[in-house]
Structure formats: C-alpha cells, structure tokens
1. Going through the stretch 104-163 one residue at a time, which ones are of a type in the set (Phe, Trp, Tyr) and closer than 18 Å to Phe81 by Cα?
2. Please specify each residue of the stretch 144-161 satisfying the condition of being closer than 19 Å to Lys103 by Cβ and outside any loop (DSSP other than H, G, I, E, B).
3. Would you list the strands (runs of 3 or more DSSP E) that sit entirely within the stretch 51-143 and hold 1 or more residues that are within 21 Å of Asp9 (Cβ to Cβ)?
4. Suppose we keep only residues that are more than 20 Å from the chain's Cα centre (by Cα) and without any contact (Cβ under 8 Å) to a residue 12 or more places away in the chain within the stretch 48-59. Which one would you say is least open to solvent (accessible area, probe 1.4 Å)?
5. Checking Leu164 against (1) of a type outside the set (Lys, Arg); (2) within 17 Å of Pro99 (Cα to Cα); (3) open to solvent by less than 80 Å² (accessible area, probe 1.4 Å); (4) without any contact (Cβ under 8 Å) to a residue 40 or more places away in the chain: exactly one of these is not met. Which one?
6. Listed residues Asp74, Asp116; which is among the charged types (D, E, K, R) and open to solvent by 20 Å² or more (accessible area, probe 1.4 Å)?
7. Of all residues in the stretch 127-137, which are open to solvent by 50 Å² or more (accessible area, probe 1.4 Å) and either hydroxyl-bearing (Ser, Thr, Tyr) or within 17 Å of Ser167 (Cβ to Cβ) (or both)?
8. If I ask for residues that are open to solvent by less than 40 Å² (accessible area, probe 1.4 Å) and modelled with pLDDT of 85 or more, which ones from the stretch 81-104 would you list?
Amino acid sequence: QHVVDFFVDGDDGDLTAHVGQTQINPGDKVAEGEDIMFTAHPDPGFRVAAWYLNGAMVEDHHDEQYGYTGLDDDITISIAFEEAVSITEVSTTGADVFPNPAKSHVTVHADERIQDVRLINMQGQTVYHGKPDNKHTRVELSGIPAGIYILRLVFDEGTLSKRLQVSNRGQ
C-alpha cells in the first residue's frame, strides 16, 4: 500500500479523490496498482491553473480532473487555481459601490446574492477576499494602500467588476 496525499495550494477551491467509487482522504493508504481520479472544484470565478505531481508541474493539463493510473509509490498531488478571465465579465445584476473614492471601507448593495468579492490591485494581486453570501457587504480597507483597485463581484449569473479608488486616510 502507498500513501496518497493531496491538497489545494491556496484557498480558491477544493480537491477530492476517488479510487473507483470510494472517496479517499489526504494521507490515506491505497493498494498498489490502483487508479485514482482527482477532481478539482474551483470557487466561482476561478479555474485550474496547474496540477502538480510530487512537486513537479504536470505539463499542459488544466482540466478539472486528473487521473493517476497504476499506483506504484507514495504520491502527493496538489492543484493551484487562478482567476478565470474567460468567464462572463458582464452581469445583468446591478450593484452600488460607495463611497468611491473610499478611505476606511466600501459598502456594496447588489440586486442579487454576492457569492464572492475580491479587491485586486493593479499588479493583479488579490488584497481582499470575502464570501458574503448576501446582497450587501462591507469591505474594510484598513491596511490597504491608497491607489486604484478592481472590485470584482461574483454572482450566480456572472461577474461584475468596478473600479475603486482608495484614498489616504485623513485627507
């Protein structure tokens, strides 16, 4: 038997594994020769960036499933997710974002439930991430440097991006 370990690099989704119809957990021992199917479950607005087998990237494989056949040693599978730029960027859902420019916080009121909210800087880095699961949310901006950001809101029916200016406090 061999140890099969698996995990997600980051917190943008989940990863499950099955031997036949039986789900296994990270660190479980699996019989030699078995086939294992790993399934990625990206969060809304994300997709598979890369799969890794024992720390080495699996080249040109971005599907949500990865099969390992003929288990013959301990393995570690990991997956990284990235923001999906090909998802629908236009939403019929409206959202009010205020104040803009903002200093200490920004409030969002939307027409439908917000699944995911991200504040992304101009380098493409997520500086805030929340899952409000509500039509209204408040994003605290303490520790966020002044600058221009994209506030990305993910709904059941699409994604809406708004430009947000964060100004220095006390000015």
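The values are calculated or read from the model by the stated rules, or taken from the named source; none is laboratory data. This structure is a prediction, so every number in the text was calculated from the model and none was measured. A quick note on method: Cβ atoms are made from the backbone with ideal geometry, for glycine too, and the neighbour counts reach across all protein chains shown. Heavy atoms of the whole protein, side chains included, go into the accessibility calculation; ligands, DNA and RNA do not. Shrake-Rupley method; radii C 1.70, N 1.55, O 1.52, S 1.80 Å.
1. Taking the stretch 104-163 and keeping what is of a type in the set (Phe, Trp, Tyr), we get 128, 149, 155.
Scanning the stretch 104-163 gives a single hit, Tyr128.
2. Applying the first criterion (closer than 19 Å to Lys103 by Cβ) to the stretch 144-161 yields 144-151.
Correct list: Gly147, Ile148, Tyr149, Ile150, Leu151.
3. On the way: elements: 65-68, 75-83, 95-98, 105-114, 116-120, 126-130, 134-140.
By residue number, 65-68, 75-83, 116-120, 126-130.
4. Ala56
5. The number of the failed condition is (4).
6. On the way: Asp116 fails: open to solvent by 20 Å² or more (accessible area, probe 1.4 Å).
None of the others qualify; the one that does is Asp74.
7. Step one: of the stretch 127-137, the residues open to solvent by 50 Å² or more (accessible area, probe 1.4 Å) are 127-129, 131, 133-136.
Answer for the stretch 127-137, where residues must be open to solvent by 50 Å² or more (accessible area, probe 1.4 Å) and either hydroxyl-bearing (Ser, Thr, Tyr) or within 17 Å of Ser167 (Cβ to Cβ) (or both): Val127, Tyr128.
8. Phe81, Ala95, Val97, Ala102 - these are the residues of the stretch 81-104 that are open to solvent by less than 40 Å² (accessible area, probe 1.4 Å) and modelled with pLDDT of 85 or more.
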